[in-house]
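Before any comments, here is the structure.
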Amino acid sequence: MGKMIRVLVAKPGLDGHDRGAKVVANALKDAGMEVIYTGLHQTPELIAEAAVQEDVDVVGLSILSGAHMTLFPRIMELLKEKGGGDIMVFGGGIIPAEDVEELEKFGVARVFGPGTDTNDIVSFLKEKLHG
Amino acid sequence: MRSAAKLDKIVDDFRAGNTAATGRLLSIMENGGPEAERVIEKILPDIKGIYRIGFTGPPGAGKSTLISRLASYYRKQDEKLGIIVVDPSSPFSGGALLGDRVRMQNLSSDPGIFVRSLANRGTLGGISNCTDEAVDIFDASGKDVVFIETVGVGQSELAVAEKTHTVVVILVPESGDGIQAMKAGLMEIGDIFVMNKSDHQDAGMAAREIEASLKMKRVEEGDWEPRVILTSGLKDEGVDRLKESLDQHRKYLEDSGLMKRKRREILYSRVRSALIDRLDRRIRSSRRITELVEARMEDVYHSRISPYTLVHEIDSMIKIE
């Protein structure tokens, strides 16, 4: 057995639509990962702090509010500040294609849009983290 | 495995109060083995014997919500807190959904509190098998008190009692009647019983039934008398009384010498279980024993020898005295 993959799944910001985040969290659990789910309405500070306390390998953010261009960079900046700069960040939600490109340039590992097969997320994470 | 220099760096950062380094050391404890042992050696001078409180009870009793309320009462007295929350690992996938932080959102912004979610990774008993080691990390990091929240338990997952100084059993009005309360197991390990969800119409009655069954137990003069406290974690009612009772129990433990005894018992059982682990690893990695087992299992399968005969043969190969 390889090293256990630990994932933080969080919903930053104000929208209350957590179905997607829960579906992903459940799929990652079923794929043998330890998933820390933190719930709705999280500030970037709370998410980054939880990620380093939990020593996760990856943070998954679900954003449907339109504030992704602010929230992703802010959380990644805070992770770096707190000594978690090596933590991979991926995301999902309602995010326009041109923004996806921008975010991936900024260092977001991947953005998964609506309709994504959860198996794709699982294999993406396993490949990235176990090589 | 990390290089010695890299491990030293993590320990140095941990000593400097870095959260990420503390998180990393907790992972090293979870993964166990020689690396975890090396970390414990390094931090041993910083370990003072932190006060441990266990919180247990059935799933959905409100453990996490109540703990997050209670935490603020400790913070008001400027006590620094480590919180370990345990959820079950899936026996099928090995994965886990660790959801206790959802109820503890207000705690992450306080630098005096460190919350860590642990999956039980198949350990029975309601806690993680690295509980002692994780407590050591909190202890060495200068925390004053550690909360250990078990998985939602049934009647006989009682390991938390062996790993803590004070046990709080959290129940709800639906947990059962007076007969349930008289049963062995969970109802025998509590120093303090909490009837949570006190706004429920049956809460008062349920609390009185627990009280009545506790009164049936003999308590020697001067011993601690377990008590029942009505709380609502959600509405923050009765939590102040829970804190008072916890303070009283802590004082009782110190005054009676029980704290010292419990600390010794925890360390003694830790030596025992580490020894058993070590022996188990040695037995499994011994080529001579493996060969003997392979050769003799056929005899066991065909009832030519009993399982115990084989064990005697193995035992005689391990010369301890």
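Nothing in this text is a laboratory measurement; each read-out follows from the coordinates by a stated rule. Small disclaimer: the values here were computed from a predicted structure and weren't measured. For neighbour counting, all protein chains shown are included, and Cβ atoms are generated from backbone atoms with ideal geometry for every residue, glycine included.
A compact table of results
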{"item": "Alpha-carbon centroid distance for the pair region B:284-301 / region A:26-90, whole angstrom", "result": "49 Å"}
{"item": "Distance histogram in 10 Å bins (all Cα pairs of the protein assembly as shown, percent per bin)", "result": "4, 19, 26, 24, 17, 8, 2, 0"}
{"item": "Selection from B:Val11, B:Met29, B:Val39, by position along the positive dipole direction of region B:1-44 (Cβ)", "result": "B:Val11"}
{"item": "Selected from A:Thr43, A:Thr118, A:Thr70 as most flexible by GNM, with chain A as the system and alpha-carbon contacts under 10 Å", "result": "A:Thr70"}
{"item": "Choice from B:Pro111, B:Pro307, B:Pro58 with maximal GNM fluctuation in chain B (Cα, 10 Å cutoff)", "result": "B:Pro307"}
{"item": "10 Å Cβ neighbours from other chains, averaged over peptide B:100-108", "result": "5"}
{"item": "Per DSSP, loop trypsin sites (Lys or Arg not before Pro) in region B:1-91 with at most 11 further Cβ within 10 Å", "result": "B:Lys48"}
{"item": "Under-5 Å amide H pairs with B:Ile229, H placed in peptide plane, nonlocal only", "result": "B:Phe193, B:Val194, B:Met195"}
{"item": "Selected from B:Ala159, B:Ala274, B:Ala21 as most flexible by GNM, with chain B as the system and alpha-carbon contacts under 10 Å", "result": "B:Ala274"}
{"item": "Hz values of 3J(HN,Hα) by residue in region A:27-35 - Karplus curve (6.51, -1.76, 1.60), Gly and Pro given as x", "result": "5, 5, 4, 5, 8, x, 9, 8, 10"}
{"item": "Where N is the number of residues in chain A, Cα Rg divided by 2.2 N^0.38 Å", "result": "0.95"}
{"item": "Within chain B, percent of DSSP bridges classed antiparallel, to nearest 5", "result": "5 percent"}
